Structure formats: C-alpha cells, structure tokens
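Visitor: If you scroll down you'll find the structure; I have some questions about it.
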Amino acid sequence: SSGINAEYGEMMEEAVRVFAPLNPEVYIFVSAAAVYDVSENPQQPLKESDAVRPADPDLKETFGENNVFGHNMLGSEEVLVASGLPYVILRCGDLVGPRDTTFRWWQYQVWTEHFDLIGAGFPVPSDYEHLPFSLTYGEDVGKAVVSVITKGVVNDVYNIAMDKTFTLPHYLLELCIYFGNGESCWADYTAEIPSYSLYPSNHMGTMSMEHAKEDLDFVASSWEDVLRDTITFYEKARHNHTKERDIVLSKLNENVVPYLRVEKLNDAVLKEAEKVVEVQSTPELNRVEL
C-alpha cells in the first residue's frame, strides 16, 4: 500500500505519476471535511456522497474562492479517483492531538489555563456560536489506515472523526472546566469574522461516521481520553518542545494578550515548564515510565 498527502491537484497528479508504475494495492489519501464547504447542498450529518461540486460554473467558482483549502482538497480527490489507481480517501474534521503543527489546540489550552491572567474573552462570531463541527484525533487516523489495509477495502471514501461533536463555545467550556475555570471564562459574542477564532475550519456541520463503522469497524477515541492525553502532551511540551512553545506564546501575545500582561503570561508558562522538569526528574516517575 502507498500513501502521500497532497493539497493541490497538481501535486496529486505528480504522486499518481510516481506510484502508478508500482501498482500499489491501495493509495490512501488523507483529506479533510473542508471538501463539503465547496459542495452543493450537503446534508446533516455530512455523508461521504455529499461532496459534489455545483453544476453551475459560477457557483462552483464562488465556492472555491470562499474556501481555497476545500477546493484544493476536493480537487486532489478528483484527480485520484480519475487516475484508475485503487484508492481510499479518509476525510477528517479539525485534527487534534499531540504534535499538531497548527498549534490551535495548544493556544486554546494556554488561553484557558491562564484565562484570569490573560483577561481576554474568546472571540465567538455569531456565525460560530451554534455551528456544530467534528474533531478528529490524530491517532484515530492511524487506526483507520490500519483498518483499510487489513480489511482490503478499495475505491471508497470514509469520514473519520469522534462521535462527540462540538460548537466553539462548547469546546472552549470543556477546556475551561478541565482547568477549573468554568465559572470565570467568558466569550465575546460580538466578535466579527475574521476574528481570532481557531475552530472550526469547515462550516458545513458534523460528519456521519456510519460508513466507517460499518466497513472498517471504526471506533473513535472517547472525548475524555482525547482531552486528557492531548492536554498532558502539551503540558510536557512546555519543556520538551521549547521552540514550538515559544511560537504558541508569540501567536497569543500578538493576537490576544494585552500588552501589559505579555511578560506575566510568559513567566507563568515558563514556571509551569520548570515544574515539568522537576516532575520528570523524580525517581518514582522514572520507574513508572520504564
């Protein structure tokens, strides 16, 4: 089996050219729920068959201009399907979990943990207040890839996401409650688009997982496990991934934190990073890890 992630149709064409002579058993392409944003009349919850572009060329162009990422991802899918290679497409919601290089979760984690210090409410544009969306845990994508290979499915498309769905205020409240700030956190519902709202990146709603459950026996990770494991990873990352930590702080300081509180936030996060070092150096923890 072979797989390569391509964001643009041209990249997919090149990938097909390289892989076609190798006669792969299946080409697994990790796509995104953003394809539904450039589709005509998608239903709720979103099914794989809903990703169909408008027949009207003007409407098709408008949808593509409004969501370039979704346009490119669906274009890559179209090239792959037309190539004749055996394929499986996995469509993901907003990806969360360890090692997420968008830093969206990590920013919200710092924001919610230090909400009282930052003193800035979460921007929630009115269009996002009640907009439901799906999250996909990174490790679940890996499980889906293994299922595709072991079950031998080809020429099909699957939505991959958690069963639990969210709105932006709901997601933020979950993080606030985890850090004991559930009563003090607040959101700015007067915010307009664009504002510093990091989720969702697609705007057509939640995805149906029935097809993946039936064909792949897909079982998504629970929200409780995802919440705990992801927060734990980024707590340790304050010490273990200092370059990325500084990027997160830079983004928050530039877009969210009042100027007079920037230094206080930096000091607070660095202090927490020092605690991680102290915990990791204890003999008890080392014995558990070994």
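Visitor: Please tell me if Leu216 is closer than 15 Å to His130 by Cα, in contact (Cβ under 8 Å) with a residue 40 or more places away in the chain and of a type outside the set (D, E, K, R).
Guide: Taking the combined requirement at face value, the residue does not satisfy it.
Visitor: For the range 84-126, enumerate the residues that are closer than 17 Å to Asp140 by Cβ, open to solvent by 20 Å² or more (accessible area, probe 1.4 Å) and not in a loop (DSSP other than H, G, I, E, B).
Guide: Of everything in the range 84-126, just one residue is closer than 17 Å to Asp140 by Cβ, open to solvent by 20 Å² or more (accessible area, probe 1.4 Å) and not in a loop (DSSP other than H, G, I, E, B), namely Leu95.
Visitor: Within the range 163-191, take every residue that is assigned to a strand (DSSP E or B) and open to solvent by 50 Å² or more (accessible area, probe 1.4 Å) and give me the one that is modelled with the highest pLDDT. Break it down into steps so the answer makes sense when it comes.
Guide: Start the filter on the range 163-191 by keeping residues that are assigned to a strand (DSSP E or B), which leaves 165-166, 187-188.
Imposing the further condition that a residue be open to solvent by 50 Å² or more (accessible area, probe 1.4 Å) reduces the set to 165, 188.
Values: Thr165: 97, Asp188: 93.
Ranking the candidates gives Thr165 first.
Visitor: Just checking, does the range 51-69 include any residue being within 18 Å of Val153 (Cα to Cα) and buried (at least 16 other Cβ atoms within 10 Å of the Cβ)?
Guide: Within the range 51-69 (the criterion being within 18 Å of Val153 (Cα to Cα) and buried (at least 16 other Cβ atoms within 10 Å of the Cβ)), the answer is no, since none of the residues qualifies.
Visitor: Still on this model: Checking the structure you have, find out if any residue of the range 192-199 is modelled with pLDDT of 95 or more and not hydrophobic (A, V, I, L, M, F, W, C).
Guide: Scanning the range 192-199 turns up at least one residue that is modelled with pLDDT of 95 or more and not hydrophobic (A, V, I, L, M, F, W, C).
Visitor: Keeping to the range 32-48, report how many residues are part of a loop (DSSP other than H, G, I, E, B) and in contact with a Gly (Cβ under 6 Å, 6 or more places away or on another chain). Break it down stepwise before answering.
Guide: Going residue by residue through the range 32-48, those that are part of a loop (DSSP other than H, G, I, E, B) are 39-45, 47.
Add one more test, that the residue is in contact with a Gly (Cβ under 6 Å, 6 or more places away or on another chain), and what stays is 44.
Total meeting the criteria: 1.
The values are calculated or read from the model by the stated rules, or taken from the named source; none is laboratory data. This is a predicted model, so every value here is computed, not measured. Cβ coordinates were reconstructed from backbone atoms using ideal geometry, including for glycine residues, and neighbour counts include every protein chain displayed. To get the accessible areas, we keep the full protein, side chains included, count just its heavy atoms, and leave off ligands, DNA and RNA. Shrake-Rupley method; radii C 1.70, N 1.55, O 1.52, S 1.80 Å.
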